[in-house]
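Undergrad: Can you read through this structure? Questions will come right after.
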Amino acid sequence: MKIGVDVMGGDFAPEVVIEGAVDSLQYLSAADELVLIGDEKSILSKLRELNTDPSRFRIVPTTQVIEMGDVPSKAFTQKPDSSIAVGFRLLRLKGIDGFCSAGNTGAMLVGATYNVAVIPGVLRPALATILPSVDGRNSVILDVGLNPDTKPEVLVQYGILGSLFAKNVLEIDNPRVRLLNIGEEESKGTPAVKAAYEMMKNHPSINFEGNIEANNLFREAMADVIVCDGFVGNVMLKQTEAFHHIYKERNLKDPFFDRLDFESIGGTPVVGVSANVVVGHGISLRKAIMNMIRQTWAVVHANFAEKIREAFE
């Protein structure tokens, strides 16, 4: 397995990215290869500082960086030798099996959607993230930010895509799917959500169990897949980050709330594109980068993009 890592992506790159890459080696096998994409001089200097043999990585040198403020739609043509552009080129040409970055999120989504392309049959790709429950289980929620306003048929596809993620990455048999809504009743919600409910309840590819309210998230897992549009999902995700930040500020200690830390999850897979792409948080530090790489390993190990392609053929 070959995992490409954008060394230049993130607010604290390249140092913390290289640190996280070194830390991730303990979770990889001898057959796994980390491909560090970025400024070669910076990579070698940091590896020397960490007393790490450079031969444990493959280094792909680049000369440009897509900055956080760059316009994503123009970045690939204006900076063809940037770490993100080169990473997606390697991914498209099968030089790597998965690619992850904590850099410009817009550029990562443009690259995932247009450089490696959406899987035929998928209406809209989505961002999916892990949602821990107090009983120790994990579920997946999507979309958490890619499509803020979605049609009912797109929400239905999110149920299918989420089920494939739960089955192949989280290893959950016959995952239970619910729609995030303002009430459990079938009659509740926006027109799009109510229409999606009707389409999902008899869908042969979805084990649909109805609506779920936000106050039942994080409890004993009532669902393995939670479906919502990107607006609702992103608000929920950022509210979770806010509560975790308050928890840390008050020096509270609880193993469940520790699992809500985005650093423990690491990255958000782009679901529905023809290659394995994981997007990290721009403020990622060493631990988050390590777990972003581990998340990428998990989706590559599950052959996730190919499983979606097979399901939609």
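The values are calculated or read from the model by the stated rules, or taken from the named source; none is laboratory data. Bear in mind the structure is a predicted one, so any value in this text is a computation, not a measurement. Glycine gets a Cβ as well: all are built from the backbone with ideal geometry, and neighbour counts include every protein chain shown. Heavy atoms of the whole protein, side chains included, go into the accessibility calculation; ligands, DNA and RNA do not. Shrake-Rupley method; radii C 1.70, N 1.55, O 1.52, S 1.80 Å.
Undergrad: Can you give the charge dipole size of the chain about its Cα centre, rounded to the nearest 20 debye, using +1 on the beta carbon of Lys and Arg and -1 on the beta carbon of Asp and Glu?
TA: For the chain, the charge dipole is close to 400 debye.
Undergrad: What FRET efficiency do you get for Met222 and Asp258 if R0 is 30 Å and r is their Cβ-Cβ distance, rounded to the nearest 0.05?
TA: Efficiency at R0 = 30 Å is approximately 0.85.
Undergrad: Here's another thing I want to ask about it. Apply the Karplus parameterisation 6.51 cos²θ - 1.76 cosθ + 1.60, with θ equal to phi minus 60°, to every residue of the stretch 65-78 and state each ³J(HN,Hα) to the nearest whole Hz, in sequence, with x for glycine and proline.
TA: Running phi through 6.51 cos²θ - 1.76 cosθ + 1.60 with θ = phi - 60° gives 9, 7, 7, 4, x, 5, 6, x, 5, 9, 4, 5, 7, 7 Hz.
Undergrad: Shifting gears a bit: Taking θ as phi - 60°, what are the ³J(HN,Hα) couplings along the stretch 287-303 by the Karplus curve (6.51, -1.76, 1.60), each to the nearest whole Hz, with x for Gly and Pro?
TA: Whole-Hz 3J(HN,Hα) from phi for the stretch 287-303: 5, 5, 5, 4, 6, 4, 5, 5, 5, 5, 4, 5, 6, 5, 4, 7, 6.
Undergrad: Give, rounded to the nearest 20 debye, the magnitude of the charge dipole that the stretch 1-132 has about its Cα centre when Lys and Arg contribute +1 at Cβ and Asp and Glu contribute -1 at Cβ.
TA: Roughly 520 debye, rounded to the nearest 20.
Undergrad: Label points 7 Å out from Cα along the Cβ direction at Ala214 and Glu241: separation in nm?
TA: For Ala214 paired with Glu241, the spin-label model returns 1.6 nm.
Undergrad: While we're on this one: Pop out the ³J(HN,Hα) list for the stretch 102-119 in order, Karplus 6.51 cos²θ - 1.76 cosθ + 1.60 with θ = phi - 60°, rounded to Hz; leave Gly and Pro as x.
TA: 9, x, 3, 4, x, 5, 5, 6, 4, x, 5, 7, 10, 7, 9, 6, 6, 5
Undergrad: Cα centroid distance between the stretch 233-252 and the stretch 26-59, in Å?
TA: 33 Å
Undergrad: Quick one: compute the contact order of the stretch 47-96, relative version, from alpha carbon pairs under 8 angstrom and 6+ residues apart, as a percent.
TA: 30 percent
Undergrad: Among the listed pairs Lys41/Lys238; Lys74/Lys167; Lys151/Lys201; Lys2/Lys46; Lys238/Lys287, give every one whose C-alpha distance is greater than 25 Å.
TA: Distance filter (> 25 Å) returns Lys41/Lys238; Lys74/Lys167.
Undergrad: On the full set of protein chains, 1.4 Å probe, figure out the accessible area of Leu25 and give it in Å² to the nearest 10.
TA: In the full protein context, Leu25 sits at about 20 Å².
Undergrad: In addition: Say R0 is 22 Å: what FRET efficiency, to the nearest 0.05, do Lys194 and Arg309 get from their beta-carbon distance?
TA: That pair, Lys194 with Arg309, gives E of 0.10.
Undergrad: In addition: Which order do peptides 47-59, 138-150 fall in by mean Cβ count within 10 Å, highest first?
TA: Ranking the peptides 47-59, 138-150 by packing returns 138-150, 47-59.
Undergrad: Same structure, new question: What are the residues whose amide H is under 5 Å from the amide H of Asn211, where those residues sit 5 or more places off or on another chain and H is modelled from the backbone?
TA: So Asn211 has HN proximity to Leu179.
Undergrad: When only C-alpha pairs under 8 Å and at least 6 residues apart count, what is the relative contact order of the chain, in percent?
TA: Dividing the mean separation by the residue count of the chain yields 23 percent.
Undergrad: Probe 1.4 Å, all protein chains in place: accessible area of His245 in Å², nearest 10?
TA: Surface open to solvent at His245 totals about 110 Å².
Undergrad: Another question, then. At a Förster radius of 30 Å, what calculated FRET efficiency corresponds to the Cβ-Cβ distance of Asp53 and Lys74, to the nearest 0.05?
TA: It comes out at approximately 0.20.
Undergrad: Highest mean first, how do 158-165, 27-34 rank when packing is the count of other Cβ atoms within 10 Å averaged over residues?
TA: Going by the mean number of other Cβ atoms within 10 Å, highest first, we get 158-165, 27-34.
Undergrad: Given a cut-off of under 8 Å on Cα pairs at least six residues apart, what relative contact order in percent is computed for the stretch 216-313?
TA: With pairs under 8 Å counted, the relative contact order is 21 percent.
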